[in-house]
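Bear in mind these aren't lab numbers, they're just calculated from the coordinates by the rules spelled out. For clarity, every value in this text was computed on a predicted model and none was experimentally measured. Don't worry about glycine lacking a Cβ; one is built from the backbone with ideal geometry, like all the others, and counts go over all protein chains shown.
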Amino acid sequence: MTDSAPSTGRLDGGAGGAESTRSFLAEPHRAVWVIPLMMVIAAAVAGVEALGWVAAAGVAGGSMGWIAISAVRRRRAKQAAEQTAHAARLLASLLRAGQIPTVALAEAATECPSLARAAAASKLGSDVASELARSSRSPGRDGMGLMAAAWRVSERSGAPIAAVLATVAENLRHRRHLEALLETELAAARTSGRIMAALPFLALALGVLGGGDPLGFLLHHELGQWLILAGVVLTAGGVVWIDRLATARTSP
């Protein structure tokens, strides 16, 4: 047991910075409080008369940041889900080939780092299912929870772990297929949101072509900056709302 502490320390210590980054990216709303603070500072520097412009820039920047972080979060969750499904297939195939669980986990962990803690637990005689369940807390790795449940069922019932994990691997493969189809369908909704964000610029262009001077009014009239702020808030709210709806439909 004395060898386990240094190993765990290396895993936790080496991943500290990456883990904090993943946590930040996993919850875009955690950074929202920064935007009002930046707006207050910018308004203090630029003056009250520029408050509308500062607020509009803050809302636009915040919404673009939200969309960017949300996209990174979805991409990482998708990659994690694919890696989890691959880990389940690989481990099931190794066990079906006749390898004992400890050896199979150790070999699978060399290709699938998400199994490293479970492999270490198996080598030390600890609770493998608990380590698998702990790994399932990361975004996109909920499939590890199914692997943990399969491991517990095998331990308690005596059922062949290879057969149980093969069923889990097939279920994860089927889930990934359904999620890919759903993501394709929802891509149209996200595209509609992006198009909606461009409509105000089209309206300005039509105003100019019609002989008006909408830009002059918005940029030089005192009321203009507040109208721009209202438009930016409504547009940003619509884009973020559509993105949240689409993300909620693809979340497990």
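Remarks
- Highest mean first, the peptides 62-71, 200-209, 187-196 sorted by other C-beta atoms within 10 Å per residue fall in the order 62-71, 187-196, 200-209.
- Rounded to whole numbers, the Karplus 3J(HN,Hα) couplings from phi for the stretch 85-94 are 4, 5, 4, 5, 5, 5, 5, 5, 5, 5 Hz, using 6.51 cos²θ - 1.76 cosθ + 1.60 with θ = phi - 60°, and x at Gly and Pro.
- Whole-Hz couplings from phi, Karplus 6.51/-1.76/1.60, listed for the stretch 132-139; x for Gly and Pro: 5, 5, 5, 5, 6, 6, 6, x
- Per-peptide average of other Cβ atoms within 10 Å, ordering 215-221, 172-178, 240-246, 101-107 highest first: 101-107, 240-246, 172-178, 215-221
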